[in-house]
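Chemist: Provided herewith is a single structure, encoded as structure tokens, for subsequent inquiry.
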Amino acid sequence: MKNLLGPSIQIDPTFPYYLNRSPQSIADELRIADYRVVHYFVTDETKVNGSLLEELQKQGFAVWATVLGNGTYTTAHLPEDWSDWQMTLLKPVNDGYYRLSPFSYRYVTWKKHALAELVKTYPFDGLEVAEPYFPEWNGLSSGVYGDVGPYARAAFKQQYGSDIPDFKYASSPLFYKNNPILYRQWVEFRVSAVNRFLFELINGKDGVREVRPDLRIATWSLGVDAGPDSVQKLREYQGIDAAAMISYVRPDVHFIQTHWPDWMRWRLPADYITRYEPFAARIRSLHPNLPLGIQTDIGSLKNMRRSRQWLLKFVETSDKLGYASWTAYEYHLGKYMYDEEPRAVSAERIGHDKLQVRFQKRIDSESVQSAVFTVIINGKQAHDTHILLKEVDGNRILLYSTNFPRERFQLSMINIKDTPQLWLFPSKKANQTPIPCLVTVEAANES
């Protein structure tokens, strides 16, 4: 289990930053960033970059498959009648996310089969179902609250012999504020629904554990800094009871995910997770031997992108609080991607006529073609080395020459740029290699 813990990072390979480059270059860039554990965000269970997964594991990474529980951003892979599975909210929402009901037997059956096929087809080291809960933090006031659809109503009627609480009309005898017993039953009903949903996916017949007994499992819940009753509020609003979830599903590790009221704050202090201790304490009191992980967001909105210094402080806080793992959404979204210059970290001979130069971030192919490369031996420029061809693959350049020096030398590079057009928030301004930008090439092995 320890190989799946420690520092980790979330990636979504469908972002442009990861496209049109080799799996080897993606894995190489993540290694340079000192990651050895990756949470691979699977937005469509039928579409996984198997070559990337294979390369990550070949380079020594442990890889989690991260899937969403309460909905999907794409419906192309769903059956034709998928719309029948949707949650009903108090107010219709068209935000590009399709919320699916855990009370829909057909959805649960489909999801279980999809996850089982996913882990049978691809040799992930672990599986985690993120966001299995109900919407939403302020749902009763915003209207983004559910599920209040026919499947939920039927299940509640069967269990309690009553209609669900009324959330619109204060004059109704079922109005949730006027009928505390009914509302309490509703809250418990929702908590149980989240946990039963996860149990069925992971532990049910033909579920994930049955088809892959070797697979590690992580459950996810939320943390939020909303005052002394934050734990109870999340339980009430979204059906999240992390300790009960763990007891029910029996995961190998549990992650506390940062809720949007926190991660959207542009001045969020890097040690904000100290305010999540009530969530962690509740879990640890009942499951003292279970490893806990913590998750943050480093750049999903333009005004809250986190710097490298911020992330380092977050990691320091995570370590002090005793978390066994941390992760962040998403690798290339951090402010460091927008601010830092492309920096050469190594150069390696590949045969007698090729050099591979590695950078800490993706570089622009066109800039490489017009860049200036200079060979320096003992502090002096060598004028007789002619580079014939330059190939770019993500964070790597392959240089061809028939007369690279056989002795140790330095390679100077000028005007190599990064890829602002591939960032989540594209920019016209690219960062360039610093001056000087030097990398050492060791002497050729004459044997």
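The values are calculated or read from the model by the stated rules, or taken from the named source; none is laboratory data. None of these values were measured; they are calculated from a predicted model. For neighbour counting, all protein chains shown are included, and Cβ atoms are generated from backbone atoms with ideal geometry for every residue, glycine included. Accessible surface is based on the protein model in full, side chains and every heavy atom, while ligands, DNA and RNA are left aside. Shrake-Rupley method; radii C 1.70, N 1.55, O 1.52, S 1.80 Å.
Chemist: Over the chain, average the accessible area per residue using a 1.4 Å probe and give it in Å², no decimals. Walk me through the numbers on the way to the answer.
Modeler: Values: 20070 Å² over 447 residues.
About 45 Å² of surface per residue is accessible.
Chemist: Taking the Cα centre as origin and putting +1 on Lys and Arg beta-carbons and -1 on Asp and Glu beta-carbons, what dipole magnitude results for the chain, to the nearest 20 debye?
Modeler: 680 debye
Chemist: If the viscosity is 1.306 mPa s and the temperature 10 °C, what Stokes-Einstein diffusion coefficient in µm²/s follows for the stretch 228-296 when Rh is the Kirkwood radius over Cα pairs? Intermediate results must be reported in sequence, preceding the final value.
Modeler: Details: Rh = 12.9 Å.
The diffusion coefficient I find is 123 µm²/s.
Chemist: Go through 373, 325, 299 and say which Cα lies farthest out towards the positive end of the charge dipole of the stretch 283-385; charges sit on Cβ, +1 for Lys and Arg, -1 for Asp and Glu.
Modeler: Of 373, 325, 299, it is 325.
Chemist: How about residue 313: which lysines have a C-alpha closer than 24 Å to its C-alpha, ignoring those fewer than 8 places off in the same chain?
Modeler: Straight-distance partners of residue 313: 2, 302, 335, 361.
Chemist: Give me the dipole magnitude in Debye, nearest 20, for the stretch 337-415 about the Cα centre, with unit charges on the beta carbon: positive for Lys and Arg, negative for Asp and Glu. Intermediate results must be reported in sequence, preceding the final value.
Modeler: Values: 11 positive and 11 negative charges, 59 e Å.
Here the stretch 337-415 has a charge dipole of around 280 debye.
Chemist: So, one more: Could you work out how far apart the two model spin labels at residue 20 and residue 313 are, taking each label as a point 7 Å from the Cα in the direction of the beta carbon, and quote it in nm?
Modeler: So the two model labels end up 3.8 nm from each other.
Chemist: If you only keep lysine pairs separated by 8 or more in sequence, or across chains, how many in the stretch 29-148 come under 23 Å at the Cα atoms? Intermediate values should be presented prior to the final figure.
Modeler: Working: 47/58; 47/111; 47/112; 47/120; 58/120; 111/120; 112/120.
Close lysine pairs found across the stretch 29-148: 7.
Chemist: In the chain, carbon and sulfur make up what percent of the accessible area (probe 1.4 Å)?
Modeler: On the way: 10030 of 20070 Å².
Carbon plus sulfur share of accessible area: 50 percent.
Chemist: If you don't mind, another one. Run through the DSSP bridge list for the stretch 2-104 and note the antiparallel percent, rounded to the nearest 5.
Modeler: Antiparallel: roughly 25 percent of the beta bridges in the stretch 2-104.
Chemist: With a ≥ b ≥ c the root eigenvalues of the C-alpha gyration tensor of the stretch 1-53, is it rounded (a/c under 1.5), prolate (a/b larger than b/c) or oblate?
Modeler: Oblate.
Chemist: By DSSP, what percent of the beta bridges with both residues in the chain are antiparallel, rounded to the nearest 5?
Modeler: 50 percent
Chemist: Roughly speaking, what is the centre-to-centre gap between the stretch 65-89 and the stretch 209-261 when only Cα atoms are used, to the nearest Å?
Modeler: Using only Cα atoms, the two centres lie 21 Å from each other.
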